Amino acid sequence: MNFLTLFRVNWSYIIFYTIDFFIILYVLQRFLFKKILKILEDRENEIKVSLENSKIIEEKKEEMEKIYRDKMIETQKESEDIIEKAKEAAENIRSEMLSLTKKESKKILEESEKEAQKFHDQMYENLKKEILDLVVITTQKALSNLIDEKEKQKIISKSIEYIKNEK
């Protein structure tokens with residue numbers, strides 16, 4: 001027996017599905033992959049900016065601590081009586097400055113995290129919408145020659161319901 005007839009290989013289907021596969025691959029590469037790469041690059045840049053901002057905040061904190069130390073040296077030279085009072089006041093100022101700096105850093109980090117999460121959620125929703133559109137278009141094109149209009153609508157509806165339920 002012939003191998004092709006034994007396994008019921010239909011060359012027209014093989015060629016059709018191969019061409020269809022390459023068309024889908026081209027559409028994905030042309031429209032989807034570039035957008036995803038751009039989104040990832042933008043996200044990477046945002047993270048770099050956030051890291052640079054945190055470094056700047058750290059440098060400002062160190063600069064403030066240096067200024068504080070310089071003021072402490074000056075007050076020690078003035079007098080022994082003022083030294084005790086200045087130490088107490090300086091310690092309070094230092095604690096307040098550190099707590100303010102920590103609060104400010106924490107606030108900036110929280111805002112960055114919120115922005116990153118918002119961006120991530122938005123990109124996720126956009127990607128889901130684009131994939132849903134591609135699935136509908138691909139399904140319509142793939143099924144256009146195989147089944148009648150009622151069957152197409154049933155399959156598309158089932159596919160959309162399945163994708164929505166996958167959330």
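Computed from the coordinates by the stated procedures, all read-outs in this text should not be read as laboratory data. Keep in mind it's a predicted model, so treat the numbers as computed, not measured. Glycine gets a Cβ as well: all are built from the backbone with ideal geometry, and neighbour counts include every protein chain shown.
For the stretch 16-45 and the stretch 68-110, compute the distance between their C-alpha centroids and round to whole Å.
Cα centroid of the stretch 16-45 versus Cα centroid of the stretch 68-110: 56 Å apart.
What Rg and what Dmax come out for the chain when only alpha-carbon atoms are used, in angstroms?
Calculated on Cα positions, Rg and Dmax stand at 32.2, 111 Å.
Over the stretch 10-165, calculate the relative contact order: mean separation of alpha carbon pairs under 8 Å at least 6 apart, over the residue count, as a percent.
Value for the stretch 10-165: 20 percent.
Which of 107/164; 141/164; 103/128; 128/158; 60/107 have a Cα-Cα distance over 26 Å? The partial results should precede the final answer.
Details: 107/164 36 Å; 141/164 21 Å; 103/128 37 Å; 128/158 17 Å; 60/107 16 Å.
Pairs exceeding the cut-off: 107/164; 103/128.
Could you pull out every one of the lysines with an alpha carbon less than 19 Å from that of residue 77, ignoring same-chain neighbours closer than 8 positions?
Excluding near neighbours in sequence, the set is 66, 85, 87.
If you rank 139, 18 by fewest surrounding Cβ atoms within 10 Å, what's the result?
Fewest-to-most Cβ neighbours within 10 Å comes out as 18, 139.
Which one, 72, 11, 156, is farthest towards the positive end of the dipole of the chain when Lys and Arg carry +1 and Asp and Glu -1 on their Cβ?
Farthest towards the positive pole: 11.
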